[in-house]
Every structure is written in structure tokens, then in C-alpha cells.
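Please read the structure below before turning to the comments.
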Amino acid sequence: MGSHRVFRGQRQDGSAFPVEVNLSYFHLDEELYVVAYVFDLTKKKPLSRS
């Protein structure tokens, strides 16, 4: 149902940091809703330079 990807976020000072974005969706009362969770991965793994 959900999917996730890793992106580079950018702080106000211009420095980059890794973020994971998870997307999920669900239907409620015949409406489609999308939920996005954004996680700061700074303490989990280093940012690659690719």
C-alpha cells in the first residue's frame, strides 16, 4: 500500500540532510486521502555524495 524514497532536504542555512518520505493512501466515505510522513535520517546514516 505505501511506498518510500530517500531525498535530500535542505536547511535554512543551505546545508543538506537525508530525509525519508513515506506515502500511503486510503479511502474514506468515497474520498481518496494521501498521507505523507517525512523523517529526518541525519542520525541514521550519512548523506551520500552521489
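Coordinate-derived values only; no laboratory data. Worth saying up front: this structure is predicted, and the values here are computed from it rather than measured. We place every Cβ from the backbone using ideal geometry, glycine too, and count neighbours over all the protein chains shown.
By how many nm would the segment from residue 11 to residue 28 lengthen if fully extended, with 0.36 nm per residue of separation less the alpha-carbon distance?
This chain segment gains 2.6 nm when fully extended.
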For this session: Could you rank the peptides 10-23, 27-40 by their average count of other C-beta atoms within 10 Å per residue, with the highest value first?
Result: 10-23, 27-40
